[in-house]
């Protein structure tokens, strides 16, 4: 069921509050530290809604949650994402206010999209994400954690870079500007974000942007499973008349990026649960 966590202990005015939606297969108690960290670093009124998922697709969950809450702005975030920027919610509020033409904001995305279905392989991609993964020392057998920053683009200091699609690991929406319905034909946990963005992009409902003002850490890297291909084919069929999208134009084949371009900085992680970074 849907449950709420009041962040600051103060009386919250709904129209001045950011809703944070976490959908997880874990119990809420297992996510307590992550939720508390969101609360402590927001520096802005937020209301955390936790949904214990027992196999329901994200599109269904996100639609149902929107029926139950009143906040105008919502951040959909994966349960393995940690926001590193102190004052992240305050910054997100500023980004929406200073850029009123934008109704969807993420931290990684692309101006290009085509039948490959993988937004990260194209030239005009933006954002940066810290990824973590478990490693094992071959000599000692000890388990540890390593982290690396993936900088998708050289332009990492812009307020917002306009894109066609973003990654759903961090997806903020302003319901006064964006079309908010998630297509429940897109089941499971893949391509719900691409479909949502394309539904807004292809109808010129609102602009979609990527920011690097908010830094995030993602607990792992994506794994492509059979469901990914099934949902890709569904979404490609749905938007085939609009493809390819190249540099935000429905025209030529988008140029693919040399994968060696990605700037990855590797560094050891001692305690990822408590690390934060000032903006």
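The values are calculated or read from the model by the stated rules, or taken from the named source; none is laboratory data. Everything numeric here is computed off the predicted structure, so don't read it as measured data. Here the Cβ positions follow ideal geometry from the backbone for every residue, glycine too, while neighbour counts run over all protein chains shown.
Numbers for the structure displayed
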| read-out | value |
| --- | --- |
| Index of the failed condition, residue 215 passing every other in (1) modelled with pLDDT under 95; (2) out of contact with any helix residue (DSSP H, G or I) (no Cβ under 9 Å at 6 or more places or on another chain) | (2) |
| Number of the condition not met by residue 140 [criteria: (1) in contact with a strand residue (DSSP E or B) (Cβ under 8 Å, 6 or more places away or on another chain); (2) in a loop (DSSP other than H, G, I, E, B)] | (1) |
| Answer from 87, 117, 103, 127 - the residue that is on the phi > 0 side of the Ramachandran plot, crowded, with 21+ Cβ neighbours inside 10 Å and in contact (Cβ under 8 Å) with a residue 40 or more places away in the chain | 127 |
| Residue match in region 148-161 (condition: under 30 Å from residue 240 (Cα atoms) and modelled with pLDDT of 90 or more) | yes |
| Conditions (1) at pLDDT 50 or above; (2) under 26 Å from residue 95 (Cβ atoms); (3) out of contact with any helix residue (DSSP H, G or I) (no Cβ under 8 Å at 6 or more places or on another chain): number failed by residue 278 | (1) |
| Test: residue in region 93-100 that is under 15 Å from the mean Cα position of the chain (by Cα), at pLDDT 80 or above and closer than 14 Å to residue 214 by Cβ | no |
| Sole exception among (1) at pLDDT below 95; (2) over 18 Å from the mean Cα position of the chain (by Cα) for residue 237, by number | (1) |
| Selection from region 61-102 of residues that are more than 21 Å from residue 175 (Cα to Cα) and not in a loop (DSSP other than H, G, I, E, B) | 81, 82, 83, 85, 86 |
| Residue identified as at pLDDT below 95, under 15 Å from residue 173 (Cβ atoms) and surrounded by 18 or more Cβ atoms within 10 Å (Cβ to Cβ) among 58, 18 | 58 |
| Subset of region 61-75 that is surrounded by 15 or more Cβ atoms within 10 Å (Cβ to Cβ) and in contact with a helix residue (DSSP H, G or I) (Cβ under 8 Å, 6 or more places away or on another chain) - its residue that is nearest to residue 228 (Cα to Cα) | 62 |
